[in-house]
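Data block below; observations after.
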Ligand SMILES: C[S@@+](CC[C@H](N)C(=O)[O-])C[C@H]1O[C@@H](n2cnc3c(N)ncnc32)[C@H](O)[C@@H]1O
């Protein structure tokens, strides 16, 4: 069954503002996989669970047509409003029922989303819509992120871990699929030719405000906010105060960096 999170308008707009594209390193891993597999058809790529489109746009430089799909109307509305090239379009639909013909898609990707899907139904759709020799890349950033600023990395990362611990009691069960580095996703992919990479590192430039905004995009934070609005808001305020104190700055626009590990499950149909 599909898990209906990320649906609210407010959640969708924090997404557009604070989420980031898959890091360069991950993009390199994906494109060199397609090269190794000698993929020659670049007609149609689909980004399933595209949210407000951050993970969709980078495909536009390689594929003739890119379609981002998401179960959430609010997310797709945000994606449509944001600037995007003419070869990118968006559709509301569940990952478990993709509106594409059999054997019609060259590449399916999903960033920070596949763990939310009903895996058996989604994988059936993947097998159905992919062309023979079509490829997939299912990837996510992991939970062991680090915040870097001058010599405060350890303390800042500790603050992040405490934030995560407080919100984790509101985590959906499907977050376990991220905790196991996509092993379950790997096992569910019905292709012989597949691999799982667990050590793709990337750094994303943020500001303090951006970090706090990003934290608020977490589904577990949004669930916490619905259940205990006052406690959730004060967690953000307190986290903000502690981050500024540790960094010894007062401006929310002070830049810092978030370093993240990513995992990717890559596969090729029929080869
Ligand atoms: C963490 S967000 C990732 C969004 C985007 N890929 C990104 O990188 O920012 C997960 C997205 O998956 C979508 N989603 C969850 N379950 C879904 C399903 N069953 N079918 C399609 N989309 C789904 C949510 O609506 C949400 O936009």
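The set of residues in region 28-56 that are within 16 Å of the ligand (Cβ to nearest atom) and either surrounded by fewer than 16 Cβ atoms within 10 Å (Cβ to Cβ) or modelled with pLDDT of 95 or more (or both) comprises 29, 30, 45, 46, 47, 48, 49, 50, 56. Does at least one position in region 153-170 carry a residue that is surrounded by fewer than 16 Cβ atoms within 10 Å (Cβ to Cβ) and under 30 Å from residue 36 (Cβ atoms)? No, there is no match, as no residue in region 153-170 is surrounded by fewer than 16 Cβ atoms within 10 Å (Cβ to Cβ) and under 30 Å from residue 36 (Cβ atoms). Considering only residues that are at pLDDT below 95 and part of a strand (DSSP E or B), which ones fall in region 133-145? Listed by number, the residues that qualify are 133, 141.
Which residues, counting only those in region 146-159, are touching a residue at least 24 places away in the same chain (Cβ under 8 Å), outside any loop (DSSP other than H, G, I, E, B) and in contact with a strand residue (DSSP E or B) (Cβ under 8 Å, 6 or more places away or on another chain)? Spell out how you get there, then give the answer.
Taking region 146-159 as the starting set, the residues that turn out to be touching a residue at least 24 places away in the same chain (Cβ under 8 Å) are 146-150, 152, 155-156, 159.
So of that shortlist, the ones also outside any loop (DSSP other than H, G, I, E, B) come out as 146-148, 155-156, 159.
Scanning region 146-159 gives 146, 147, 148, 156, 159.
Scanning region 87-106 for residues that are in a strand (DSSP E or B), within 14 Å of the ligand (Cβ to nearest atom) and closer than 21 Å to residue 21 by Cβ yields 88, 90, 91.
Checking the conditions here, which among 224, 206 is in a strand (DSSP E or B) and buried (at least 18 other Cβ atoms within 10 Å of the Cβ)? The conditions single out 206. Checked across region 73-86, the condition of being surrounded by 22 or more Cβ atoms within 10 Å (Cβ to Cβ), outside any helix (DSSP H, G or I) and within 11 Å of the ligand (Cβ to nearest atom) holds for no residue. Considered as a group, the residues in region 107-120 that are within 9 Å of the ligand (Cβ to nearest atom) and not in a strand (DSSP E or B) include one that is surrounded by the most Cβ atoms within 10 Å (Cβ to Cβ), and that residue is 114. Residues of region 191-211 include none that is farther than 30 Å from residue 38 by Cβ and without any contact (Cβ under 8 Å) to a residue 12 or more places away in the chain. Considered as a group, the residues in region 1-27 that are away from the ligand (no atom under 12 Å from the Cβ) and touching a strand residue (DSSP E or B) at 6+ places or on another chain (Cβ under 8 Å) include one that is modelled with the lowest pLDDT, and that residue is 24. Condition test on residue 46, is it part of a strand (DSSP E or B), without any contact (Cβ under 8 Å) to a residue 60 or more places away in the chain and under 18 Å from residue 125 (Cβ atoms)? So residue 46 fails the test.
The values are calculated or read from the model by the stated rules, or taken from the named source; none is laboratory data. All figures in this text were calculated on a predicted structure; none of them were measured in a lab. Neighbour counts run over all protein chains shown; Cβ positions are idealised from the backbone, glycine included.
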